[in-house]
Structure formats: structure tokens, C-alpha cells
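Colleague: Please read through the structure below; I'll follow up with questions.
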């Protein structure tokens, strides 16, 4: 940079005015291009996840258990708002949004301050070449017209300048913006997947806790029965209607039920801890439970309806974002074959000392063109890699569709089997209850041995536990079907 370099116009103000107007015009054009591309990308992604949602196939709770459904929904909403994993996914999505803003900023002008001050030793002094020549001229003309004490080293001891640059055309910037948008959509889809999974996990965890709590209640009821049986056995032995072994067997039965209840209590507390972990609460925070009659009932749902509804799965949006990223990779590779054009403007002071006036300032305007004509075929290989990545994402999309379909079919079959199991469990508990009532009446009258009574009681308790497990298992499996088929709208 030469001192007082005014290439475009002898008037520095005119130069600055022209450069400023050009920069503003180009920046405005770049912003318009970015905003129009953003709108187009948003519309394309809105159309990407395929079919419109189906309205009818969602299985809704019947009128009676609305409170139960509301309880499950409130647990899911609380988990989504508090869960640490979802909050981390929110931050990752925010990073994707900031990445888009960063990519847009690369189209705008930059302004920076560059300053340097150096102590030179052995540097070339221009005066060593100019002073002898000026001395000879003075001698020829007979007067000291030219200075002979010039001292100026190269490079200058100090150089301080403002630099502004603006890209006029750079294909890599557009590819980078497209990639940033794809990453933003990918992070959003990942957040949606995490929310849907947590929505199901939280409700299933709540059902597991409620089921374990009901098991404790059943053992409490059984404990009251066996304690009463022990009292009856002691009365029969006292009346001479039974032998002493009946009392010992009754006591052993009480101890067995107490042991089973302790294990059921441990499982209930573990289930409560797992639920509170999803809710980001202390493991011992209490939670109200549902009564069996309050469990939500589901209307039948056909497999075809579930498969159609599954088209809304967020995994499909993940794949769409991956394909967009692969296309952006292809655009980046293609930009390597195109030129890059930019303008730059510098204004500052330079010399051996700092002097801030119009006589010592310097300015320079540049138009920079860069075009890579050959780099050993690297750009061609990058473009082939991008094409391969797009093909891989197409295969990934087909694989995702098949995995979703399998997930739906598996969940649908599980619900079907759970419905059948609930019918069988209801019949089993009715039969075992009748059998126990008959044996208990005979034992009270001294007509049945304690061994028969204990067997009938054990079968009845097991049948009650099985019925509770079957009821909650049906609801839990339907929750999994809702997740697999994307039947619920996730906040």
C-alpha cells in the first residue's frame, strides 16, 4: 500500500461515497436473496414429512375415564417441560438456529481494525537509494532543492487501518447456508423424536408405578385374609376341631405374604424413582395413583389406520433433513468449480510514527477475483462423495419407512394380545374367587384342611395380581401404539 494512494478518484470523499453506496446496494441484494431462500426452504420442509394427518383413527377415551386420561396427559406434559434430556435437545436445536443466523451473517459486509507496530533492525531504508541521487541533482542545479535526509524503512514501522470486505459472489456461502438450514431442521426433528419418546415413556412409567402400587394393595388385602385365617385356625385348635399344625401353617402363610408384600413395596418404590427421574424430581416425591376403574378405555383401531397415521413420525423429518444436508454437500462441491468475487476497502495511516491528518492517510479499494482452475481433482471427488451421500440417504429413507411399519405392526399385535389376555385374566379371577369363597366357608366350618385353603387363597391372590397386570399392560401397550403410529399431538 502506497501513501496517499487514491486510485479511483482524486477526491477521497467521492471514493468513500461510491464504495459505501455499492456496499449498501450489494448487502441489500444479498439479504433479499437470503430471505427468499429461507422462505422457500421453510415451505419445502413443511411439505416434506408426507401425507396429511388422519383425523378419525385416533383411539379416544370414553366419557367416564376422562380424569384418568387427563392424569396421564398431565404427567406427560410435566415430563416434557422438566426432563433434562429434552431440555438438552432444546439447547441443541437452539444451536442449529444460531448456526443459520451465523451462515446468513457471512453474506454481510465485515469491518475490522488491523494495527501493527514493529521495531526494525537491518531493514531496507529507501533513503539510502534516494539521498545520493537527490544530492547529485542539487549539485547539478547549484542549489539545495531536493532533500538529502530522507529516512524511510520498508516495511513501515506502523500501519493502522480499517478494512471492510463484502462478498459479491461465492457459491460456497449459499451451500453453507443450505447446510445450516438442514442441520437446524435435523435438530428440530431430533427434539420432536425425543419428545414423542418421552411422552410415551413418562406415561408407561406412571402406569408401572400405579401397577406396582396396586400390587401392594392386593398383598395388603391378602395379609388381612391370612391374619383372619390364623385367628380362625387358633380358634379351631382351641375347640378341638383341628390339630396344632393348622396354626403353624397359618403363621407360615402370614410370613410368606409379608415377604411378598415387602418385595412388592420395593418394586413400587423403584417404579416411583424411575418416574420421578423422568420428571426431574427427587426420587421419593410422592405421586397419586389411579384406581383400576379409572384407567382410560380405547376404541378399536385398525392396522391400516395406524399405518397411515404413522406417516407423521418425526423420524421421516430426520431423514428429510439428512437428504437436504447431502444436497447442500453437493452444492458445496459444485461451488469449487465457480469463481469467487469480492470487494475490499482499506483506510488508515502508515509510516514511521503516528500522525492523524489528511496528508498522512492512505486508502485503497480492491476488487478480488479468485478462481481455482485445477487442484488435482479434489472438487470432482467431493462432488462424487456428495452424490454417494444422497444415494445413501435415499436408502436410509426406505429403511426408515420399513422400520416404522414394523414398529407399528409390533405395537398393534401387542395391543391385540393384551386385549385377549385381559379377557382371560378376568375369567380367571372370577373362577378363583368363587373357588376360594367355597373353600374358605368349608375351612371355617372345619370341613376343609388348611392346605386346601392355602392353595385356594394363593391362586386367588395370583389371579388378582394377574388381572391388575393385564389391565395396566393393555394401557401401556396402547401407549406404545400411540407412539409408534404418532396418534398423539405432542406439545
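Colleague: Where does helix 12-47 land angle-wise versus the long Cα axis of the chain, in degrees 0 to 90, nearest 10?
Modeller: 20
Colleague: Between residue 91 and residue 360, what's the calculated FRET efficiency when r is the beta-carbon distance and R0 is 60 Å? Round to 0.05.
Modeller: Once rounded, the FRET efficiency stands at 0.75.
Colleague: Separate question: What order do you get for 164-173, 291-300 when each peptide is scored by the mean count of other beta carbon atoms within 10 Å, highest first?
Modeller: Those peptides, ordered most packed to least, come out 164-173, 291-300.
Colleague: So if each residue of separation counts as 0.36 nm, and I subtract the Cα-Cα distance between residue 410 and residue 221, what length gain in nm does that give?
Modeller: This chain segment gains 64.4 nm when fully extended.
Colleague: Using only the Cα atoms of the stretch 99-245, build the gyration tensor, take square roots of its eigenvalues as a ≥ b ≥ c, and label the shape rounded, prolate or oblate: rounded if a/c is under 1.5, else prolate if a/b is larger than b/c, else oblate.
Modeller: It is prolate, given that a/c is not under 1.5 and a/b is the larger ratio.
Colleague: Another question, then. Quick one: check the C-alpha center-to-center distance for the stretch 316-342 versus the stretch 120-151, whole angstrom.
Modeller: Distance between centres, Cα-based: 59 Å.
Colleague: Now, a different point. Express in whole angstrom the spacing between the alpha-carbon centres of the stretch 467-487 and the stretch 180-249.
Modeller: Here the two parts' Cα centres lie 17 Å apart.
Colleague: Specify the angular offset, from 0 to 90 degrees and rounded to the nearest 10, of the alpha carbon long axis of helix 171-239 from the longest principal axis of the alpha carbons in the chain.
Modeller: Approximately 20 degrees, to the nearest 10.
Colleague: Ok, one more. Return the calculated 222 nm mean residue ellipticity for the chain, to the nearest 500 deg cm²/dmol, obtained by summing -39500 (n - 2.57) across DSSP H runs with n ≥ 4 and dividing by the residue count.
Modeller: Computed mean residue ellipticity for the chain: -24000 deg cm²/dmol.
Colleague: How many nm separate the modelled label positions at residue 285 and residue 255, each set 7 Å beyond the Cα in the direction of the Cβ?
Modeller: 4.1
Colleague: Further question on the same structure: What is the spin-label model distance, in nm, from residue 388 to residue 113 if the labels are put 7 Å beyond Cα along the C-beta direction?
Modeller: Taking the two extended label points, one gets 4.9 nm.
Colleague: Against the longest alpha carbon principal axis of the chain, how many degrees, from 0 to 90 and to the nearest 10, is the axis of helix 245-278 turned?
Modeller: Once rounded, the angle reads 20 degrees.
Colleague: For the stretch 279-309 and the stretch 419-452, write down the distance between their C-alpha centroids in whole Å.
Modeller: 31
Read-outs throughout are calculated quantities, based only on the coordinates presented, and are distinct from any laboratory measurement. Note that the coordinates shown come from a computational prediction; the quantities given were computed from them, not determined experimentally. Note that each Cβ is placed from the backbone with ideal geometry, even for glycine, and that neighbours are counted across all protein chains shown.
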